[in-house]
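Working notes, beginning with the structure itself.
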Amino acid sequence: MSAKAEPLIFEKGSPGRVGIDVENSSDPLPIDESLLREDLPGFPEVNEPDVLRHYLRLSSLNFSAATNFYPLGSCTMKYNPVANEAAAGLKGFSQIHPYAPEETVQGALKLIVELERWLAEISGLEAVTLQPAAGAQGELAGMKIIRAWHEDNGASKSKVLIPASAHGTNPASAALCGYESVAVPIGPDGLVSAASIRELLDDEVAALMITNPSTLGLFETEILEIADAVHEAGALLYMDGANMNALMGVAKPGHMGADVLQFNLHKTFSTPHGGGGPGAGPVAVRADLEPYLPLPRVTEREGVFGWEFERPKSIGRIRSFHGNFGILVRAYSYMLACGGDGLRETTATAVLASNYLRKRLEGAYDLPYEAPSMHEVVFSDKRQNAHGVKTLDIAKRLLDFGFHAPTIYFPLVVSGALMIEPTETETLETLDAFADAMLAIAEEASRTPDHVRHAPHETVVSRLDETRAARHPVLTWGAGEEDD
Ligand SMILES: *Cc1c(COP(=O)(O)O)cnc(C)c1O
């Protein structure tokens with residue numbers, strides 16, 4: 001991957017150069033004189049081919065799951081089939097409006113109801129809302145449902161238990177819901193024990209938010225005992241289902257005692273990711289929590305689908321209408337293409353791929369927990385650290401080999417964590433090429449550590465000042481002005 005830097009569009013062109021000549025065209029645009037500018041300082045003056053080439057070159061500098069292997073743990077950056085895009089682009093889906101009369105959009109409403117039923121089946125829970133636009137928003141919706149349920153039962157609770165291995169969005173969602181989060185320590189085996197949960201349970205606990213398998217890629221083996229303890233204390237079990245690609249078609253969270261669960265369609269069900277959406281974080285609940293789901297709901301009466309806007313116990317809207325409908329169509333298309341057996345195979349292959357990488361790398365990288373891996377495996381930089389090479393250096397060096405880095409420094413319970421999630425969409429050749437690169441870097445770390453410490457060597461830019469970029473972002477091009 002030896003890409004060339006691309007200058008800014010402002011640094012290209014020459015005065016008077018244009019793509020289309022509006023003024024002299026045979027059919028000038030009817031723009032009022034008063035709206036026309038005399039002058040636009042610093043505006044790039046470029047011809048059409050230069051504009052096209054500029055943006056195409058910029059797009060080729062992007063790193064994506066469509067171009068390279070992207071083993072970002074917890075994020076499930078699997079390949080998204082193009083067929084899903086074609087389905088979402090069908091006019092009957094892409095050109096309808098949420099306020100269109102129900103009788104004209106029966107197909108879309110049916111898709112919503114069917115997708116809810118499929119997700120309910122996979123989760124082992126009874127009812128689903130598709131409204132939340134991201135995993136974190138699903139968590140918030142789920143916690144609001146839990147809060148409403150407790151209040152309805154006359155109980156005011158103040159705390160939520162969250163294991164130290166949880167995703168950062170869990171305590172944030174609990175806090176947004178007005179709860180104090182209490183950290184549950186994890187044991188030397190990386191797991192949450194029922195004993196540690198029992199110790200922390202009291203009248204003030206509204207719920208335990210647990211991720212299973214955890215963000216360490218480990219299955220919580222005491223989950224049934226944990227669920228019993230939580231329920232006996234009058235609390236509910238919230239399961240973070242972002243990692244459903246380790247369970248789908250094999251085990252159901254509802255059977256493990258979960259009362260509420262959010263899915264991440266943009267992880268498990270192969271739809272695009274995006275900052276703050278476009279994603280989807282549907283929430284599944286057990287039967288008696290159904291009245292609290294967000295509104296509006298789509299209902300079916302004798303094969304006719306319609307909206308329902310009034311339900312006294314609902315937590316209200318969490319987002320407009322049914323969330324990111326285009327994402328729901330993509331997930332539906334993906335599930336339809338896979339079928340039940342295909343979804344189960346997806347899980348098996350994702351788990352197999354992560355265990356394959358674990359076996360290939362465990363001789364060279366420190367494995368902090370011995371328990372069997374599920375869909376992802378977490379290593380640390382302990383061995384490379386002895387030569388002054390850290391996780392960040394390994395991540396940067398991987399770019400020279402054409403791979404995106406794994407998730408780094410997360411989960412926080414592992415110092416210098418490297419969290420690898422290969423997903424089920426990669427070939428054996430790709431997994432081997434990645435393992436070979438990781439082994440080569442481990443070798444370099446002991447022989448030529450400086451080479452790893454100064455990586456990447458072959459990218460357009462080397463190490464960026466990420467702190468400065470975050471604290472003093474320069475988001476516009478100042479015409480001739482100083483940046484700072
Ligand atoms: C990704 C993830 C989330 C948050 O999902 P977003 O869609 O990014 O908001 C929550 N929990 C876990 C375990 C995750 O992996």
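The values are calculated or read from the model by the stated rules, or taken from the named source; none is laboratory data. Just so it is clear, the structure is predicted and the values come from calculations on it, not from any experiment. As a convention, Cβ positions derive from the backbone with ideal geometry for all residues, glycine included, and neighbour counts pool all protein chains shown. Only protein heavy atoms, including side chains, enter the accessible area calculation; ligands, DNA and RNA are left aside. Shrake-Rupley method; radii C 1.70, N 1.55, O 1.52, S 1.80 Å.
First select every other residue whose beta carbon is under 13 angstrom from the beta carbon of A348; then total the charges, Lys and Arg +1, Asp and Glu -1.
Neighbourhood net charge equals -2.
Projecting each Cα onto the charge dipole of the range 118-220 (Lys/Arg +1, Asp/Glu -1 at the beta carbon, about the Cα centre), which of A183, G138, S193 comes out farthest on the positive side?
Final value for the positive-end residue is G138.
Near the amide H of L72, under 5 Å away, which other amide H atoms are found, from residues 5 or more places off or on another chain, if H is placed in the peptide plane?
For L72, whose amide H was placed from the backbone, the distant partners under 5 Å are M77, E421.
In whole Hz and in residue order, list the ³J(HN,Hα) couplings for the range 456-463 that follow from phi through the Karplus curve 6.51 cos²θ - 1.76 cosθ + 1.60, θ = phi - 60°; x for Gly and Pro.
Result, ordered by residue: x, 9, 10, 8, 4, 10, 8, 6 Hz.
Could you give each residue of the range 407-419 its phi-based ³J(HN,Hα) in whole Hz, using Karplus coefficients 6.51, -1.76, 1.60 with θ = phi - 60°, and x for Gly or Pro?
Result, ordered by residue: 5, 10, 6, 8, x, 5, 5, 10, 6, x, 5, 10, 10 Hz.
Each residue of the range 261-270 in order: what ³J(HN,Hα) in whole Hz does its phi give by Karplus 6.51 cos²θ - 1.76 cosθ + 1.60, θ = phi - 60°, with x for Gly and Pro?
8, 10, 9, 10, 4, 6, 10, 5, 9, 6
Which of rounded, prolate or oblate describes the range 372-422 when judged by the alpha-carbon gyration tensor and an a/c cut-off of 1.5?
oblate
Tell me, which longest segment in the chain has none of the chymotrypsin sites (Phe, Trp or Tyr not before Pro) that fall in DSSP loops with at most 12 further Cβ atoms within 10 Å?
Counting only loop sites that pass the neighbour cut-off, the longest clear stretch is 100-308.
Per DSSP H run of n ≥ 4, the term is -39500 (n - 2.57); total these for the chain, divide by its residue number, and report the mean residue ellipticity at 222 nm rounded to 500 deg cm²/dmol.
Counting only the DSSP helices, I get -11000 deg cm²/dmol.
Classify the range 339-469: rounded, prolate or oblate, from the alpha-carbon gyration tensor (a ≥ b ≥ c, eigenvalue square roots; a/c under 1.5 rounded; otherwise prolate if a/b is larger than b/c)?
Judged from the Cα gyration tensor, the range 339-469 comes out prolate (a/c at least 1.5, a/b above b/c).
Can you give the direction-averaged projected area of the convex hull of the alpha-carbon atoms in the range 82-337, in nm²?
Result: 13.3 nm².
Tell me the net charge near T423. Cut-off is 14 Å between Cβ atoms, T423 excluded, with +1 for each Lys or Arg and -1 for each Asp or Glu.
It works out to a net charge of -3.
Taking H as built 1.01 Å from N, whose amide H comes closer than 5 Å to the amide H of L236, not counting residues under 5 places away?
Those qualifying (amide H under 5 Å, at least 5 residues apart or on another chain) are A207, L208.
Mind pulling the per residue volume of the convex hull built on the Cα atoms of the range 313-364? Å³ is fine.
Here the figure is 175 Å³ per residue.
Using a 10 Å Cβ count of at most 15 others and DSSP loop calls, identify the longest part of the chain lacking such trypsin sites (Lys or Arg not before Pro).
38-312
Can you list residues from other chains, or at least 5 along the same chain, whose modelled amide H is less than 5 Å from the amide H of A417?
Y409, F410
Just to confirm a number: summing +1 for Lys and Arg and -1 for Asp and Glu over residues other than Q131 whose beta-carbon lies under 11 angstrom from that of Q131, what do you get?
Here the charged neighbours net out to +2.
Pull out a ≥ b ≥ c, the square roots of the eigenvalues of the alpha-carbon gyration tensor of the chain, then state rounded if a/c is under 1.5, prolate if not and a/b is larger than b/c, and oblate in the remaining case.
oblate
Can you pull the percent of the chain's accessible area that's carbon plus sulfur, 1.4 Å probe, other chains left in place?
54 percent
Which log10 I(q)/I(0) values, to two decimals, does the range 1-137 give at q = 0.13, 0.14, 0.20 Å⁻¹ under the Debye formula with one point per Cα?
The computed values of log10 I(q)/I(0) come out as -0.97, -1.00, -1.25.
Explain nothing, just the number: relative contact order of the chain, from Cα pairs under 8 Å at least 6 residues apart, as a whole percent.
Worked out over the chain, it gives 19 percent.
With helices defined as uninterrupted DSSP H runs, which ones in the chain have an alpha carbon span along their own long axis of at least 24 Å and mean Kyte-Doolittle hydropathy of at least 0.0?
Membrane-span-like by this rule: 106-123, 325-361, 428-447.
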